[in-house]
Amino acid sequence: MASITLKNLVKKYDDGFPAVNDVSIEIADGEFVILVGPSGCGKSTLLRMIVGLEDITSGELSIGGRRMNDAAPRERNLAMVFQNYALYPHLSVFENIAFPLRLGKAKATKSEIRSRVTEAASMLELTEHLDRKPANLSGGQRQRVAMGRAIVRRAEAFLFDEPLSNLDAKLRGQMRSEILQLQRRLGTTSVYVTHDQTEAMTLGDRVAVLKRGVLQQLASPRELYEQP
Ligand code: ADP
Ligand code: ADP
């Protein structure tokens, strides 16, 4: 895994209004940082800048100490986990997890693919489901397949965009503890966008509060949410 450094990051869209305005955060290797703030405050824009889906207007982004402003998304080797999972419906769980290993730079041999997918599936308790299609899985299982993809790639960090917001309360609780366990086991550097205070409290090492693109607060959940 890797550290991620955001230094004076600015994003202006065509209308010139800064959606992200001078944001600086140093995320340590293995740290879990939560991004919160009202709708439209720039959370998704910031995630997309980190992952490389959005150009950086000014400022500096480094991953593992290397400047990444102009690197293509796949050179950054970050794993984005979305709420809609973005799984391929016609592929089995095995093939969905293996997918990143069949492409480009990460291309692995057949036996390497088998061993990495098997290992990830066992960590995520998906071993019995490897032959299923996504449509035949529960919401929580689909979420785990999406995370399996990131694990096999040995990504430098996980970026989560409200991954649990479509789940019912029970499943959300389960997934929250799964993400926490995974985090403890792998020591993943993570940036996680959420509206849910319980998720911020349980998962976050630190919480970054954004408002109109500006970083308002950066503190531990305890400092932020507990009464003085
Ligand atoms: P959040 O994820 O916190 O809801 P966003 O990052 O989606 O916020 O949006 C931040 C601001 O940038 C909002 O004012 C939004 O309207 C604007 N914005 C987002 N994407 C675009 C875009 N592609 N073009 C122009 N403005 C955008
Ligand atoms: P949970 O989401 O709490 O794991 P579910 O009730 O969604 O539980 O699923 C229970 C079990 O049934 C799971 O092991 C899942 O793989 C299986 N399952 C769910 N939906 C289907 C389906 N459409 N076809 C086959 N198996 C399914």
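Considering only the Cα atoms of the chain, their convex hull presents on average a projected area of 12.8 nm².
Rounded to the nearest 20, the Cβ-based charge dipole of the chain about its Cα centre (Lys and Arg +1, Asp and Glu -1) stands at 640 debye. A simple spin-label model places pseudo-atoms 7 Å from Cα toward Cβ; at residue 91 and residue 177 they are separated by 3.1 nm.
Entry note: the stretch 59-160 has Rg to Rh equal to 1.00, where both radii use alpha-carbon atoms and Rh is the Kirkwood radius. Relative to the longest principal axis of the Cα atoms of the chain, helix 110-123 runs at roughly 70 degrees.
Between residue 118 and residue 166, the C-beta separation translates, for a Förster distance of 41 Å, into a calculated FRET efficiency of about 0.90.
In a reduced charge model with +1 at each Lys and Arg Cβ and -1 at each Asp and Glu Cβ, the stretch 183-228 shows a dipole moment near 140 debye about its Cα centre. Full extension of the chain between residue 138 and residue 110 gives 7.3 nm of extra length, using 0.36 nm per residue less the Cα-Cα distance. For 162, 60, the ranking by accessible surface with the largest value first comes to 60, 162, using a 1.4 Å probe. Taking the longest Cα principal axis of the chain as reference, the axis of helix 139-152 is set at about 90 degrees. Each residue of the stretch 173-189 is assigned a 3J(HN,Hα), and the resulting list reads x, 4, 5, 4, 6, 5, 5, 4, 4, 4, 4, 5, 5, 9, x, 6, 6 Hz, derived from the Karplus form 6.51 cos²θ - 1.76 cosθ + 1.60 (θ = phi - 60°), x at Gly and Pro. Ranked by solvent-accessible area (1.4 Å probe, protein heavy atoms only, all chains present), the residues 94, 99 order from largest to smallest as 99, 94.
For the stretch 144-218, DSSP calls about 50 percent of its internal beta bridges antiparallel. In whole angstrom, how far apart do the alpha carbon centroids of the stretch 82-151 and the stretch 189-228 sit? Centre-to-centre distance over Cα atoms comes out at 30 Å. In the chain, the DSSP beta bridges split such that about 55 percent are antiparallel, to the nearest 5.
Surface calculation, 1.4 Å probe, protein heavy atoms: residue 57 sits at approximately 70 Å² accessible. Here the calculated FRET efficiency for residue 14 and residue 71, from their Cβ-Cβ distance with R0 = 25 Å, stands at 0.60, rounded to the nearest 0.05.
Assuming charge only on the beta carbon of Lys and Arg (+1) and of Asp and Glu (-1), the dipole of the stretch 142-224 about its Cα centre is about 240 debye to the nearest 20. The stretch between residue 60 and residue 222, if pulled fully straight at 0.36 nm per residue, gains 55.4 nm over its current Cα-Cα span.
The values are calculated or read from the model by the stated rules, or taken from the named source; none is laboratory data. As the structure is a computational prediction, the values presented were derived from the model and not from experiment. Quick reminder, even Gly has a Cβ in these numbers, built from the backbone with ideal geometry, and neighbours come from all protein chains shown. Ligands, DNA and RNA are stripped out before the accessible areas are found, and what is left, the full protein with its side chains, is counted by its heavy atoms. Shrake-Rupley method; radii C 1.70, N 1.55, O 1.52, S 1.80 Å.
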